[in-house]
Every structure is written in C-alpha cells, then in structure tokens.
Amino acid sequence: MSSQPVNEPILGYAPGSPERAALQTELDRQMAEVVEIPCIINGEKVFTGNTTTQVIPHKHGHIIANVHQAGKAEIAAACQAAIDAQEAWIDMGLEARCAIFERCAELLAGDWRMKVNASTMLNQSKTAFQAEIDAACELIDFWNFNCFYARQFHDMYQPLVSPDGVKNSTEIRPLEGFVLAITPFNFSSIAANLPSAPAILGNTAVWKPSRNSYHSNYVLMELMIEAGLPAGVINFVPSSGPDISDVCLSNPDFAGVHFTGSTAVFQGLWQRIGEALPNLKSYPRIVGETGGKDFVVAHPVCDEQGLLVALLRGSFEYQGQKCSAASRAYVPRSVWGRMGWQLVAEVRKITMGDARDFTNFMTAVIDQRAFDKISGYIDRAKASDVCEVIVGGGYDGSVGWFIEPTIIVTSDPNYESMVEEIFGPVLTVFAYGDDDFEGALKMCDEASPYALTGSIFATNDADVQTAFNTLRFTAGNFYINDKPTGAVVAQQPFGGARASGTNDKAGGPLNLLRWMSPRSVKHTLDTPQDWGYTFLEPDE
Ligand code: NAD
C-alpha cells in the first residue's frame with residue numbers, strides 16, 4: 001500500500017522568484033506560436049481540416065491555436081477506440097494504471113508545470129496564482145489522491161465473511177463500455193480529471209473538451225500521453241455538444257457520463273439519456289456537477305473585516321467564473337452600514353488587465369457570449385428601481401472581454417441577480433433587518449434552485465449552529481467564517497445537490513465509487529453432491 005499523498009504546495013510567483021521568471025519565459029514562448037490542435041483518437045493525431053480558432057480572452061485578436069474539430073465519424077471512431085482499448089486496460093491492473101497517473105502528477109509538478117500554467121493563463125485568462133491553484137496544484141492532487149482512494153477500495157470492499165468451504169471475494173470491475181467526459185472551460189484540473197478519474201478504475205473515455213479551453217486541455221492530453229497513457233484509453237475529441245451526445249448516447253456501449261458545466265446542458269443530457277436507454281447495454285452512470293448561486297450570510301455579530309475579504313476574493317477572483325463564486329450576500333443593515341463603503345473602496349483598488357501582467361488581480365471573462373450575458377445583468381440592474389449599482393458596472397469588450405467588478409445592492413431578495421447564476425464578476429447584496437437573522441437564512445435557503453457552496457459569518461457558536469441547521473440542504477460545500485471558494489482535494493470534497501448536481505464529490509473517494517461495478521464471487525471449495533435437504537426427510 002502506497003503512503004497517503006500530501007497536497008501539492010502552491011508556488012508564490014513573487015517578484016524575483018525562479019518560478020516567476022520561468023512562467024514569464026513560457027508565456028512569451030506560447031504567445032509567439034499558433035498550435036495546430038488535432039483530435040487524438042486511438043493514440044493517433046487526426047487533423048480533420050474542419051478548424052476553429054482559439055483566442056486569448058483578454059486579447060481576443062490574438063490566436064493561439066487552430067483546432068481540428070471532430071465530426072460524427074471521428075466521434076464514432078473515438079467511441080470504438082475506447083471500447084477496443086478497455087480489455088487490455090483492465091488487464092494492466094490497478095497498480096500499473098495508478099503508476100501512469102502518478103507519473104502524470106510527477107510531470108505536472110515538474111517540467112510540465114509552467115507549460116500547463118501558461119497555457120491556462122492565456123487560454124482561460126487566469127492570473128498566475130489562479131492558474132497555479134487550478135491547473136497545477138488541484139490536478140496534481142486529483143491524480144495522486146484518486147490513485148490512493150482507488151487502492152483503498154480494493155481492500156475495503158472485500159466481503160466480511162467466508163464460511164468454511166467457501167471463499168468469497170469482490171472484483172472491483174469498471175463499468176462495461178466507455179465513459180463520456182464532457183468538461184467545462186473554467187478549470188483545467190476538472191477537464192483532465194473527468195476522463196482520468198474513471199480511467200484509474202479501468203474505464204476508458206471519450207473526452208469532449210470545452211470550446212473555450214482547447215489549448216490548455218490539449219497540453220494536458222499530451223502530458224498524459226508522455227506519462228505512458230496507452231492508445232484509446234482517453235480519446236480527445238473537440239466537437240459540438242449536439243454531435244457528441246447524438247453519437248455517444250446512441251452507442252449501445254455508452255456506460256456513463258462524467259459532466260461538469262451548466263445546469264441546463266446537464267438536464268438536457270439526462271433527458272436524452274432517458275430516451276436512449278432502451279438501446280443501451282447498461283444503465284449508465286450519470287455524474288454531473290453543475291451551476292451555483294453561492295451565498296454569504298453574515299450575522300450581526302461577525303468578523304466584519306473577514307467578511308469584506310471573503311466577499312472581495314470570493315466574488316471577484318477569476319472574474320467570478322468559479323462555480324463556487326460568491327454572488328449573493330445577506331448582510332445585516334448595521335454591518336453593511338459599517339463595512340459596505342469600505343468594501344466599495346477596496347473593490348475600486350482591484351487591478352484588471354492582461355494575465356501576463358502579474359500586478360493584475362482580475363483579467364477578462366471567457367468569451368463574447370459570457371460578456372453579453374453578464375453585461376445584460378448589469379444593464380438591467382442599472383435600469384431597475386429595486387437596484388443600485390454601487391461600484392463597477394462598466395465593461396469594455398474592444399480588446400478583451402473586460403467587465404469591472406460590480407456590486408449591486410437590491411431591496412428585493414428575489415431580484416434576478418440574487419437568484420440566477422451570472423457566472424461573472426457581479427455580487428448582489430441584500431441588507432436585512434438586524435433582528436431577522438433566521439428570516440435571512442430562510443430567504444437564502446428558498447431563493448434559488450441551486451445548492452453548491454455558501455458561507456456563514458458569525459462569531460458565536462450558537463449562531464453558526466443555527467445557520468448550519470437551517471442551511472443543511474442549501475450548499476454541498478459549507479464554509480464557516482471563510483469565502484465559499486477554494487475547495488482543496490482531499491480536504492473539502494466538492495459538489496452540490498438540488499440543481500447544482502449529483503453531489504458525487506470530486507476530490508474525495510465517493511466520486512470514484514461511481515466508476516466501478518463490482519463483481520461478487522463465491523468460490524465453493526466443498527461443492528454439494530446431494531440435492532436433498534433434511535426437511536424433506538419423513539417424520540419417524
Ligand atoms: P457549459 O454548460 O456551457 O459547457 C460545459 C460543457 O458542455 C462544454 O464542453 C460544452 O461544449 C458542453 N455542451 C454544451 N452543450 C452541449 C450539448 N447539447 N450536449 C453535450 N455537451 C454540451 O458550461 P461552461 O460555460 O463550460 O462552464 C460553466 C458552468 O459550469 C457554470 O454553470 C458553472 O457553475 C459550472 N461548473 C460547475 C462546477 C461544479 O463542480 N459544480 C465546476 C465548474 C463549472
């Protein structure tokens with residue numbers, strides 16, 4: 001049994017540090033090239049000629065890649081490659097499979113770190129720090145800890161009892177068929193984890209990356225190949241959502257989907273899987289982590305400076321494009337009166353611009369569609385008579401898709417920006433009467449369909465406990481006196497329920513359980529030779 005891994009230390013990128021210099025050199029190198037990104041099917045590079053470009057969100061005139069899109073024929077070939085690769089992949093055994101993914105972690109912690117971080121900074125417009133905690137540290141942790149958890153299952157799930165003459169055992173099998181991994185743009189770590197977590201357990205995968213993270217996701221695919229991933233185990237197919245679901249879901253060997261992305265897309269997929277069911281060999285596993293409307297609730301007695309920092313970091317780091325980003329806050333009027341203006345003053349200090357300028361706290365949002373959607377929320381708030389935009393509210397998409405960190409104060413706790421996922425740098429605050437903490441908790445619980453992350457700020461244990469109980473089902477990841485973002489693998493396994501997903505907890509052992517289909521084996525050493533039973537014997 002290998003020893004328990006430790007979380008990957010986060011590099012600081014301070015001025016003069018070697019990692020800062022190395023990252024800047026790598027950023028310059030990647031800025032100077034345009035990568036030709038193929039599909040990777042059965043280990044082969046497939047250049048389809050049907051290309052789309054990948055641009056830098058904070059400088060969208062700059063192309064960093066031409067991406068060859070898979071059509072239906074290539075997707076079908078990827079499914080077949082995954083099916084064909086599975087037997088040999090299972091036969092390799094858990095140890096050999098873990099050795100490959102632990103090698104991936106080693107490469108990422110070493111020589112590949114700057115390549116992956118620079119690519120994530122340019123492709124998804126992350127600051128050096130945001131790239132480091134996502135693309136390097138979280139993914140290294142996913143690979144190392146998932147291998148550790150998988151090894152534990154093999155011991156944990158053996159039958160408790162084998163009577164005399166019988167040997168009972170459990171074979172930890174993967175699912176029969178291939179897993180479809182559909183991945184979001186916002187975390188490179190999630191993108192690589194969704195196909196590789198099932199693969200550790202012997203599954204093979206078709207990986208559909210997001211159209212907004214092809215460059216960084218391709219670098220990670222190359223890394224896995226360098227680490228020794230056999231052909232066909234993970235097949236990389238940039239493609240359209242409708243094409244991937246048409247082809248994969250109509251394949252009888254479709255065994256499961258590992259999805260992270262928006263709620264609407266996941267709900268559509270689930271419905272289509274229901275329709276496809278009669279033609280499938282198995283009941284597919286459906287694992288999806290989706291949207292959030294993550295909250296901060298403050299009690300009148302709380303650490304007000306801590307609350308300020310949590311709101312600023314939680315709402316605006318990575319431009320609010322974390323599924324866990326704080327986007328609604330319920331603050332007592334007295335507290336808001338004291339710290340609201342200070343928060344505004346601090347938000348005005350936030351620097352925004354090119355990710356390569358390390359003095360920037362924020363960069364651009366991911367694409368034109370996100371820019372239009374977020375600026376639409378801001379414009380409607382400006383025009384609303386129940387809202388006031390107290391800081392930010394500006395946006396400029398001319399060079400990059402930049403949106404100022406924005407705070408809306410509303411008198412309506414059910415206003416659209418208090419209940420809908422915006423996925424941008426917009427925080428809405430509702431100031432409640434100081435004597436109505438429990439009412440604010442109830443509002444928070446009932447206002448939105450999501451239940452991903454949330455924080456409570458309160459000094460007294462009894463108030464924390466009240467919030468803990470009232471908000472039991474309001475968040476799958478619950479924070480006390482901290483921001484609601486920044487979950488760490490093996491520390492806070494991540495996922496939410498209600499409209500936020502199936503809560504299968506990436507970064508913990510529970511997620512891996514979904515990718516196995518155990519076989520119970522009874523080996524009888526003393527096989528019965530007589531078909532009769534004692535009860536059949538006549539009374540004397
Ligand atoms: P998205 O839903 O737009 O896209 C996710 C993936 O689904 C992409 O690969 C996309 O191409 C694909 N897709 C889109 N339409 C499809 C279809 N019809 N069939 C099959 N696939 C389709 O999400 P996004 O913009 O990439 O990511 C942001 C969303 O992800 C937010 O809602 C965020 O909250 C969520 N998210 C959740 C978590 C979590 O752990 N809960 C983590 C990260 C992101």
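The values are calculated or read from the model by the stated rules, or taken from the named source; none is laboratory data. Quick caveat, the model's predicted, so the values are computed rather than measured. Here the Cβ positions follow ideal geometry from the backbone for every residue, glycine too, while neighbour counts run over all protein chains shown. In case anyone asks, the SASA skips ligands and DNA or RNA and just uses the protein heavy atoms, side chains included. Shrake-Rupley method; radii C 1.70, N 1.55, O 1.52, S 1.80 Å.
Here are a few things to note about the model shown:
- Å² of accessible area per residue within the chain, as computed with a 1.4 Å probe and no ligands counted: 41
- Counting only protein chain heavy atoms and rolling a 1.4 Å probe, the accessible areas of LYS349, LYS115, LYS483 rank, largest first, as LYS349, LYS115, LYS483.
- Neighbours of LYS442, meaning other residues whose beta-carbon lies under 13 angstrom from its beta-carbon, give a summed charge of -3 when Lys and Arg score +1 and Asp and Glu score -1.
- Accessible-area composition of region 35-101, carbon plus sulfur, in percent [1.4 Å probe]: 51
- Value at 222 nm in deg cm²/dmol, rounded to 500, when DSSP H runs of n ≥ 4 in the chain each add -39,500 (n - 2.57): -12500 deg cm²/dmol
- Inter-part distance where region 496-540 and region 331-352 are each reduced to a Cα centre, Å: 56
- Highest average first, the peptides 67-80, 93-106 ordered by how many other beta carbon atoms sit within 10 Å of their residues are 67-80, 93-106.
- Counted by Cβ distance under 11 Å from ARG313, the other residues give a net charge of -1, where Lys and Arg count +1 and Asp and Glu count -1.
- Rounded D (µm²/s) - region 222-361, Kirkwood Rh over Cα pairs, Stokes-Einstein at 10 °C, 1.306 mPa s: 82
- Label positions at GLU87 and GLU176, each projected 7 Å from the Cα along the C-beta direction, are separated by 1.4 nm.
- In sequence order, calculated HN-Hα J values of region 193-207 (Karplus, 6.51, -1.76, 1.60; Hz; x Gly/Pro): 6, 5, x, 7, 4, x, 5, 4, 8, x, 7, 10, 9, 10, 10
- Bridges between two residues of region 294-480, per DSSP, are antiparallel at a rate of about 20%.
- Dipole magnitude for the chain: computed about the Cα centre from +1 point charges on Lys and Arg Cβ and -1 point charges on Asp and Glu Cβ, it is near 1060 debye.
- Peptides 29-37, 485-493, 530-538 ranked from most to least packed, by the mean per-residue count of other Cβ atoms within 10 Å: 485-493, 29-37, 530-538.
- Binning the alpha carbon pair distances of region 13-88 at 5 angstrom intervals from zero yields the distribution 3, 14, 15, 14, 13, 13, 10, 9, 6, 2, 0, expressed in whole percent.
- Pairwise Cα distances in region 294-480 exceed 26 Å in 26 percent of cases.
- Listed by chain and number, the aspartates and glutamates whose C-alpha is less than 12 Å from the C-alpha of LYS483, apart from same-chain residues fewer than 8 away, are ASP294, GLU317.
- Other-chain or far-sequence residues with amide H under 5 Å of ASN168's (modelled H): HIS523
- For region 471-482, 3J(HN,Hα) per residue [Karplus equation, 6.51 cos²θ - 1.76 cosθ + 1.60, θ = phi - 60°, Hz, x = Gly/Pro]: 9, 3, 9, 8, 8, x, 10, 10, 10, 10, 6, 8
- Where both bridge residues fall in the chain, DSSP classifies roughly 40% of the beta bridges as antiparallel.
- Relative frequency of Cα-Cα separations exceeding 39 Å in the chain, percent: 29
- Note: relative contact order over the chain, using C-alpha pairs below 8 Å and six or more positions apart, is 17 percent.
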